[in-house]
Amino acid sequence: MLLSIVPGAPTMKFNTALSFLIVGTIIFLYLKKKKSSMVITLLSIFLCSVSIFTLFPYFFELSFNIDNLIVSDRYSRKFPGRMSIATTICFLVFSTASLGKLSKVKSFQKISDLLVLGIGIVSLQVIVTYILQILAKSSVLVFNSMAIHTAILFLLISIAFSAMSSKGGYTYLLYENHTGSKLARTLVPFVIMLPICLSFLLLFVLNNEWITTDVSISLYTIAYTVLSLLYLYHLTNRLNKADIKKKQLESSLYNTNQELMQFKYALDKSSIVMINDPRGIIEYVNDKFCEISKFTREEILGKSEKVLRSGHHSKNFHRKMYETISNGEVWLGGVKKMDKYGVYYWVQTAVIPFKNKSGDIYQYLTIGQDITRHKWLSSQYENLKLKTKEMEQFTYIASHDLQEPLRTVKGMSNILQQEYSNKLDKDGNACLEYITSATDRMSHLIKALLDYSRIGIHQKREKIDCNEVIDIVCKDLAIIIKETKTVITVDPLPTLLVYPMEFRLLLQNLVSNAIKFRQENKTPKIHIGSEKKDKIILFSVKDNGIGIEKKHKRIIFAIFKRLHSLDEFEGTGIGLAHSEKIVHLHGGEIWVDSKLGEGSTFYFTIPLI
Ligand code: ADP
């Protein structure tokens, strides 16, 4: 049954089946990754020989007796066991094509493509012949001797072999992943099948003599045109939809691209940018990079990023950085680099690894900010801190040591006053009084200096209820408060971790100043408030005193700076310097808001810890 599927039609010969087995093996070998060219060549030559030996008796009186060599054919009457001419030619063509495909010459490969295409056309013609059932009525060339399943197998072989066509081949186009190839793949079956189906119908109608030949041919033409147009409409619709989608994608891609360009522009303007491959070879640098490194693009591209190393960082530093980025994580940190002329600069750097689809890192993007000045400033700041500490130590030692000779001067002038004042005349006594009051003042100033240098010496924060601190301050200042009839109002204050001695001194300074710098004929009113803002407490000490001119708002915090003479208001000018130092000790800021003649509000902040 399998030998002859269509009753009465030619059967598939044993040699044909055997040759198909060889063809199948050749195609299988071609598909293998490591194709064994030797075996393919041998099999192709074998197939070629079988075909030639089979063809010989068709044209010459010479026979090689290979038709029934293995199995004798009991079914065919004409040339039993012999492959048909068409089948043999197809195998001959296939074997030639297979050898051609193995060749490295491009034109041979192209010819192979054409040959295989020819097999496809021949087999298709045979299939069509069978379908249209004209086999019995008229003979179409030599192809009518081929079995239908042989033809189908040849068609499949032709498709399979042409699908293996290499780039540049004739059939390669049909299998590409582009719109044109996709369109061709959709069109080809339609173009082949439509006339076959219509012809089949036409013959069927004609055989049954339902309508006349003229009518059936015109119907055929109309059906062909209409169906083709319908299919064309369907295809156009599909292509248009795909095109609209593509255009939408293009426009969103354009927008994304624009955004990216803007980001890139912003990045280039604000940062130093460098891209290097996983081996560290520099592939891209922006203008800012060239500006700071002094290298031109031509000089630096293709070089290793190691040329920028300053030698400041240890091997361990670079190893850790590499470990982080090769794990796909972003590395952040400050790096000291060296420019083309050996000048150092600091860059606050972020190294970002970029991964491809398969997760492998293919490049590193380095974005940096020049922090050379910042580094210099912070080192200056550290120096300054050291110097300030030294100054404070000096002030402490100096003021401490000055006290002793001053005490002697004071003691001696006291003795002079007590025991020798009657021996001095009026001017002498006045001079003595000046000396005494000057030494008193000097003693005050030295004590103030000593206090200033002692601020924060015994540093230990404690939890303190600020309301209690205000109570103590008011008690200490009770006499002056009573004398001046000062009215003090206080908001509920928080409990804070502060340096207790210093914090009390701070509030005492501000409250006593608010009383001291009161306006004549006006009852002094002081309000103490506090407000929580994020992680700080903002304190305010508000008075209705004489106020401060705008230009003096900063200067009053300088040590020994006073705006008034001793006759107007007594004092040493160190109170606000003390206050500022105490606030800084707590990590806060102090400033004043004031209007001359209306009053002042001193603000200070204490960060919460
Ligand atoms: P002193 O009070 O010993 O003069 P301070 O350092 O406490 O020194 O103050 C410096 C200067 O700031 C004062 O001399 C005064 O002119 C001004 N000042 C301070 N507090 C007030 C205030 N509440 N109102 C007006 N002026 C003030």
Probe 1.4 Å - accessible area at Cys431, Å² to nearest ten: 80
Where labels lie 7 Å past Cα in the beta-carbon direction, separation of Tyr175 and Tyr344 in nm: 6.4
Straight-distance crosslink candidates among lysines, where the alpha carbon sits under 18 Å from Lys245 and sequence neighbours closer than 8 are dropped: Lys182
Under 26 Å from the Cα of Lys410 - lysines, other chains or at least 8 residues apart: Lys423, Lys426, Lys447, Lys561
Rounded to 5, the percent of DSSP beta bridges in the chain classed as antiparallel: 95
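Suppose only helical runs count, i.e. DSSP H with n ≥ 4. What mean residue ellipticity at 222 nm does that imply for the chain under -39500 (n - 2.57) per run, divided by all residues and rounded to the nearest 500 deg cm²/dmol?
Values: 16 runs with 335 residues, N = 609.
So the helix-based figure for the chain works out to -19000 deg cm²/dmol.
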Of every Cα-Cα pair in the chain, the percent that sits beyond 47 Å: 60
Under 14 Å, Cβ to Cβ, from Phe354 - net charge with Lys/Arg +1 and Asp/Glu -1: -2
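Is the shape of region 227-338 best called rounded, prolate or oblate, per the rule: a/c under 1.5 gives rounded, else a/b larger than b/c gives prolate, else oblate, with a ≥ b ≥ c the square roots of the Cα gyration tensor eigenvalues? Before the final figure, lay out each step's value.
Values: a/c = 3.61, a/b = 2.78, b/c = 1.30.
It is prolate, given that a/c is not under 1.5 and a/b is the larger ratio.
Of Lys34/Lys104; Lys35/Lys106; Lys33/Lys106; Lys247/Lys288; Lys110/Lys241; Lys340/Lys387, which ones are farther than 25 Å apart at the Cα? All intermediate terms of the calculation are to be shown ahead of the outcome.
Values: Lys34/Lys104 16 Å; Lys35/Lys106 19 Å; Lys33/Lys106 20 Å; Lys247/Lys288 37 Å; Lys110/Lys241 35 Å; Lys340/Lys387 35 Å.
Long pairs (Cα-Cα over 25 Å): Lys247/Lys288; Lys110/Lys241; Lys340/Lys387.
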Whole-Å distance, taken between Cα centres, linking region 547-583 and region 447-526: 16
Percent RCO, i.e. relative contact order, over region 461-582, from Cα pairs under 8 Å lying at least 6 residues apart: 24
Straight-distance crosslink candidates among lysines, where the alpha carbon sits under 16 Å from Lys320 and sequence neighbours closer than 8 are dropped: Lys306, Lys336
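Of all DSSP beta bridges located in region 448-549, what percent are antiparallel, nearest 5?
Details: 12 of 16 bridges.
Of those bridges, close to 75 percent are antiparallel.
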Relative contact order computed over the chain (Cα-Cα under 8 Å; 6+ residues apart), in percent: 6
Kyte-Doolittle mean at least -0.5, axial Cα span of 18 Å or more - DSSP H helices of the chain: 14-31, 37-59, 85-102, 106-131, 148-163, 179-207, 213-270, 426-454, 500-516
Dipole magnitude of the chain, debye to nearest 20 (Cβ charges: Lys/Arg +1, Asp/Glu -1, about Cα centre): 2040
Cut-off under 5 Å, modelled amide H: who pairs with Ile488 long-range: Ile526
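The values are calculated or read from the model by the stated rules, or taken from the named source; none is laboratory data. Keep in mind it's a predicted model, so treat the numbers as computed, not measured. Positions of Cβ are backbone-derived with ideal geometry, glycine not excepted, and every protein chain shown enters the neighbour counts. The accessibility values were calculated without ligands, DNA or RNA, using every heavy atom of the protein model including side chains. Shrake-Rupley method; radii C 1.70, N 1.55, O 1.52, S 1.80 Å.
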